[in-house]
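Derivation of every value follows stated rules applied to the coordinates shown; laboratory data play no part. If you're wondering where the values come from, they're calculated on a predicted model, not measured in any experiment. Neighbour counts are summed over all protein chains in view; Cβ atoms, including those assigned to glycine, are modelled from backbone coordinates with ideal geometry.
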Amino acid sequence: MLSKSTLDYDQNEKFKHYRSIADLQEYVLINQYQVEVQQYTKTNDGFWLYRAYESIEETVSFDAIATQITLAEIYEGIEFE
């Protein structure tokens, strides 16, 4: 979960470190203050594709593990201010 205190680190330094892991295929950040999921997926060419999900009706697909989850499931039971 993204917190205000670690947002910059998670999106930059931590992700930079994780990109050096050859087997890593997907990197996902989940915002805990609003409906927002950021997904980075490694392409066959070694580039990282960015997708942002901001609607509770959207579904995130994780190709590396052949599964899907809706944002409604991710945020189930969460009430935002």
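Numbers at a glance
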quantity	calculated
Helical mean residue ellipticity (222 nm; -39500 (n - 2.57) per DSSP H run of 4+; nearest 500) of the chain	-4000 deg cm²/dmol
Among Tyr33, Tyr18, Phe62 - extreme Cα towards positive end, dipole of segment 9-68, charges at beta-carbon	Tyr18
Virtual spin-label span in nm between Ile30 and Thr59, 7 Å along Cα→Cβ	1.8 nm
The chain - charge dipole about Cα centre, Lys and Arg +1 at Cβ, Asp and Glu -1, debye rounded to 20	420 debye
Identified option (computed volume of the Cα convex hull per residue in Å³; candidates (i) 142; (ii) 169; (iii) 92)	(iii)
